[in-house]
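Everything below concerns the one structure shown next.
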Amino acid sequence: MTQTSHLRIASYNIQKCVGLDFRRQPQRILQVLDRLQADIVVLQEADKRLPPRPAALPAFMLLEAGWQVVDLGGAGSLGWHGNAVIWRGADIRVHAAGHHDLPGFEPRGAVRVEFETRIGALRVMGMHLGLLPASRRRQITHIRQDGSGLSDMPTVWAGDFNEWSRQPVLDHLAPEMRFLPPMPSFPAAQPLGALDRIALGAGLEAVGHGVHDERPAHIASDHLPVWADLRRAA
């Protein structure tokens, strides 16, 4: 696990546990998660595609591996619109959780979890934004509007933002959030696009961040996970 003064958060699009070899192997995803050494992980594409969208990464396997799963209200699913949040550690507690439907051409959603952690209260927003730029703009605007009605709390956004541009497009859309410098995470075998991002709100800073490319991450999904070690800002 991470040092006690830091909290490691990660984001991972697990592509329904189907690897680049076209084999569905949840156990391989668990190996990647274990080697990430994260405290909290936001997952995308954690459920199968068709209703009733059963979990691609079964909850019982996560529990057996020492993870806890946030209840996000998806009956039979691991999360909401494929977004899920898992955590481990006796010093982390969930206070509240919810989800948000997002506008756009494709059905998309975001999830929200409020934790008490070793670095204090923390709100985690997990999301998987649309493929179309216009949809992404509307979705970020919607998330910001929903967030404006919430209580003040240090906030992290994490997920697959589907943004190929290296320009500060996302930063301009959400100026109150500070996106960590983009690092290529897609496609896993030869990363070119920094689609997977983490952004920090006021009161937080990253003491390190990166892309996890240790085997079997290179083949377990078409994305590599990204991570950041967080602490409260001085």
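What follows draws every value from the coordinates through simple rules; no lab data is involved. Keep in mind it's a predicted model, so treat the numbers as computed, not measured. Note that each Cβ is placed from the backbone with ideal geometry, even for glycine, and that neighbours are counted across all protein chains shown.
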Rounded to two decimals, what is the ratio between the C-alpha radius of gyration of region 20-135 and 2.2 N^0.38 Å?
1.08
Starting at 0 and stepping by 10 Å, how many percent of the alpha carbon pairs of region 147-234 end up in each bin?
17, 45, 29, 9, 0
For a quick check: with amide H placed at 1.01 Å from N, whose amide H comes under 5 Å from Leu78's, ignoring anything fewer than 5 positions away on the same chain?
Ala55, Ala56
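Taking the beta-carbon count within 10 Å as an exposure proxy, list Phe60, Phe179 from fewest neighbours to most. Let's see the in-between values first.
Numbers: Phe60 9, Phe179 19.
Ranking Phe60, Phe179 by Cβ neighbours within 10 Å, fewest first, gives Phe60, Phe179.
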Note, ³J(HN,Hα) from phi for region 190-197, Karplus 6.51, -1.76, 1.60, rounded to Hz, x at Gly and Pro:
8, x, 10, x, 8, 6, 9, 9
In sequence order, calculated HN-Hα J values of region 141-151 (Karplus, 6.51, -1.76, 1.60; Hz; x Gly/Pro):
4, 5, 4, 4, 5, 5, x, 5, x, 8, 5
How high is the FRET efficiency from His172 to Ala234, r the C-beta distance, R0 30 Å, rounded to 0.05?
0.65
For Ser221, Ser77, Ser11, Ser151, what ranking results if the residue with the fewest other Cβ atoms within 10 Å of its Cβ goes first?
Ser151, Ser77, Ser221, Ser11
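Inverting the mean 1/r over all pairs of different Cα atoms, compute the Kirkwood radius of region 7-232 and quote it in Å.
Working: mean 1/r = 0.0583 Å⁻¹.
Final number for the Kirkwood radius of region 7-232 is 17.2 Å.
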Rounded to two decimals, the Debye log10 I(q)/I(0) of region 91-179 (Cα scatterers, no solvent) at q = 0.13, 0.16, 0.18 Å⁻¹ is -0.43, -0.64, -0.80
Full extension from Ala121 to Ala202: what is 0.36 nm times the residue separation minus their Cα-Cα distance, to one decimal in nm?
27.9 nm
Sort out the exposed loop GluC sites (Glu not before Pro) in the chain (DSSP loop, at most 12 other Cβ within 10 Å) and tell me the longest stretch that has none.
1-175
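Kindly provide the chymotrypsin sites (Phe, Trp or Tyr not before Pro) of region 90-177 that DSSP labels as loop, not H, G, I, E or B, and whose Cβ sees at most 12 other Cβ atoms within 10 Å.
Values: sites: Phe105, Phe115, Trp157, Phe161, Trp164; in loops: Phe105, Phe161, Trp164.
Taking region 90-177 and a limit of 12 other Cβ atoms within 10 Å, the loop chymotrypsin sites (Phe, Trp or Tyr not before Pro) found are Phe105.
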Helical contribution to [θ] at 222 nm, DSSP H n ≥ 4, -39,500 (n - 2.57), averaged over the chain, rounded to 500
-5000 deg cm²/dmol
Taking neighbour Cβ counts within 10 Å as the exposure measure, how do Thr117, Thr155 sort from fewest upward?
Thr117, Thr155
Any chance you could run the full-extension gain for Arg144 through Gln190? It's 0.36 nm times the residue separation minus the Cα-Cα distance, nm to one decimal.
13.3 nm
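Note down the relative contact order for region 7-232 as a percent, whole number, built from C-alpha pairs under 8 angstrom at least six residues apart. Provide the component values of the computation, followed by the final result.
On the way: 564 pairs, mean separation 50.0, N = 226.
Here the relative contact order equals 22 percent.
Could you compute the FRET efficiency for Ala90 and Leu20, with r as their C-beta to C-beta distance and R0 at 35 Å, rounded to 0.05?
It comes to 0.50.
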Please check which bits of region 162-180 a label hung off Phe105 would reach, taking the label as a point 7 Å along Cα-to-C-beta and the cut-off as backbone N under 16 Å.
162-164
Tell me, what ³J(HN,Hα) does each residue in region 152-159 have, in order and in whole Hz, if you take phi through Karplus 6.51 cos²θ - 1.76 cosθ + 1.60 with θ = phi - 60° and put x for Gly and Pro?
5, 6, x, 10, 10, 9, 8, x
Distance from region 109-160 to region 31-72 (C-alpha centre basis), Å
19
Gain on full stretching of the segment that runs from Ser151 to Gln27 - 0.36 nm per residue minus C-alpha separation
40.9 nm
